[in-house]
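One structure is given here, and the rest of the page talks about it.
The values are calculated or read from the model by the stated rules, or taken from the named source; none is laboratory data. All values derive from a computational prediction rather than experimental measurement. Positions of Cβ are backbone-derived with ideal geometry, glycine not excepted, and every protein chain shown enters the neighbour counts.
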Amino acid sequence: MRRDIFQAIADPTRRAIIALIAVQAMTPNAIAENFNSTRQAVSKHLRILAECELVKQEQQGREIYYSLEIEKMKEIDKWLEQYRAIWEAQFNQLDNVLIKLKNQKK
């Protein structure tokens, strides 16, 4: 069964890996140094992220470097965009209520 990007980012360790490699490409060993888990556990997370195309691998000599696949991250942003308008409208309504309450106290 193929995972989707939302299953991939549901795990906090995978989100942390995404945050790490968003800054610079890293080897699995360098990524694993940032976690209290085995290299094999980190490799499993990387495999899931690669299956979902959230990370890409690049061979440089004997090392494999993982970096973030920005285009795939845009899919997450696009999905969230539909909710931003709703959230902003609700925050604006709350602002209006708070302003009315503040003006009533004066």
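Results, tabulated for the structure shown:
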{"item": "Where a residue in region 59-70 is touching a residue at least 60 places away in the same chain (Cβ under 8 Å) and surrounded by 10 or more Cβ atoms within 10 Å (Cβ to Cβ) and its partner, wherever it lies, is in a strand (DSSP E or B) and of a type in the set (Phe, Trp, Tyr), with Cβ under 6 Å and at least six apart", "result": "none"}
{"item": "Total residues in region 1-46, condition among the hydrophobic types (A, V, I, L, M, F, W, C), assigned to a loop (DSSP other than H, G, I, E, B) and either touching a Pro at 6+ places or on another chain (Cβ under 6 Å) or surrounded by fewer than 16 Cβ atoms within 10 Å (Cβ to Cβ) (or both)", "result": "3"}
{"item": "Selected residue (criterion: farthest from the chain's Cα centre (by Cα)) from residues of region 1-37 that are modelled with pLDDT under 90 and farther than 17 Å from residue 79 by Cβ", "result": "1"}
{"item": "Residue in region 60-71 that is over 22 Å from the mean Cα position of the chain (by Cα) and outside any loop (DSSP other than H, G, I, E, B) present", "result": "yes"}
{"item": "Selection from region 23-52 of residues that are out of contact with any Ser or Thr (no Cβ under 6 Å at 6 or more places or on another chain), under 19 Å from residue 7 (Cα atoms) and free of Cβ contacts under 8 Å to residues at least 40 places away in the same chain", "result": "41, 42, 43, 44, 46, 47, 50"}
